[in-house]
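Chemist: For reference, the structure I am asking about is given below.
The values are calculated or read from the model by the stated rules, or taken from the named source; none is laboratory data. Every value quoted in this text rests on a predicted model; they were computed, and no experiment measured them. Positions of Cβ are generated from backbone atoms using ideal geometry, with glycine treated the same way; all protein chains shown enter the neighbour counts.
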Amino acid sequence: MIVIQPEDFDHGEQYKRLRARCDSDGAIVTFTGLVRDFCHHGRVSTITLEHYPGMAEKSLMQICAQARKRWELGEVTVIHRVGELSAHEQIVFVGVTSKHRQAAFEAAEFIMDYLKTLAPFWKKETTNHGPHWVDAKASDQVAFEKW
């Protein structure tokens with residue numbers, strides 16, 4: 001399941017959905033990313049996430065398809081929020097089930113690393129020094145390159 005939405009999501013509910021559909025899988029790994037309240041420009045009050053509708057969903061589907069080629073996975077859920085979000089709000093959910101924990105952990109990490117580098121989302125942070133668009137981080141590229 002891939003969803004891009006402005007509304008918040010319920011982590012517990014998403015876990016329950018994965019568990020209800022995971023059949024004989026022995027592992028469920030979830031990751032929830034939060035809006036940080038800091039950056040190198042100062043304190044962050046809000047971020048605004050924009051995306052290209054249609055292209056973003058297609059990109060997320062391709063990322064999940066690549067994960068399925070690399071690991072034997074059961075269920076995969078990616079929820080990414082867009083719009084204006086305040087510090088400490090949930091921004092992204094990745095949930096993966098697999099027969100074995102290593103595949104589930106690696107696939108979840110792979111999906112997040114690909115989301116950070118390939119998915120067509122643009123982020124503007126509003127800090128105590130004003131708004132600015134966020135550039136790609138070298139550390140995200142390094143994480144992506146290990147795959």
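Conditions tested, residue by residue: (1) at pLDDT 90 or above; (2) under 30 Å from Asp25 (Cα atoms).
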{"site": "Ala56", "(1), (2)": "yes, yes"}
{"site": "Ser59", "(1), (2)": "yes, yes"}
{"site": "Ile63", "(1), (2)": "yes, yes"}
{"site": "Lys69", "(1), (2)": "yes, yes"}
{"site": "Ala104", "(1), (2)": "yes, yes"}
{"site": "Ala108", "(1), (2)": "yes, yes"}
{"site": "His132", "(1), (2)": "no, no"}
{"site": "Ser139", "(1), (2)": "no, no"}
{"site": "Lys146", "(1), (2)": "no, yes"}
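Chemist: Which pairs turn up if I take residues in the range 136-147 that are free of Cβ contacts under 8 Å to residues at least 12 places away in the same chain and over 20 Å from Leu49 (Cβ atoms) and look for partners that are surrounded by fewer than 11 Cβ atoms within 10 Å (Cβ to Cβ) and not hydrophobic (A, V, I, L, M, F, W, C) with beta carbon separation below 9 Å, at least 6 apart in sequence or on another chain?
Modeler: none
Chemist: Within the range 95-144, count every residue that is touching a helix residue (DSSP H, G or I) at 6+ places or on another chain (Cβ under 6 Å) and closer than 15 Å to Val35 by Cα.
Modeler: The total comes to 1.
Chemist: Of all the strands (runs of 3 or more DSSP E) wholly in the range 34-135, which have at least 1 residues that are touching a strand residue (DSSP E or B) at 6+ places or on another chain (Cβ under 6 Å) and closer than 21 Å to Cys22 by Cα?
Modeler: Fully inside the range 34-135 and qualifying: 73-81, 90-98.
Chemist: If you don't mind, another one. Being under 20 Å from Thr127 (Cβ atoms), of a type in the set (A, V, I, L, M, F, W, C) and more than 13 Å from the chain's Cα centre (by Cα) is the filter here, so list the residues in the range 81-117 that pass it.
Modeler: Leu85, Ala87
Conditions tested, residue by residue: (1) over 18 Å from Trp133 (Cβ atoms); (2) of a type in the set (D, E, K, R); (3) surrounded by fewer than 18 Cβ atoms within 10 Å (Cβ to Cβ); (4) in contact (Cβ under 8 Å) with a residue 40 or more places away in the chain.
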residue	(1), (2), (3), (4)
Glu50	no, yes, yes, yes
Cys64	yes, no, no, yes
Val78	yes, no, no, yes
Glu84	no, yes, yes, no
Gly95	yes, no, no, yes
Ala108	yes, no, no, yes
Met112	yes, no, no, yes
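Chemist: For residues that are among the basic types (Lys, Arg) and touching a Gly at 6+ places or on another chain (Cβ under 7 Å), tally how many sit in the range 52-101.
Modeler: Total satisfying the criteria: 1.
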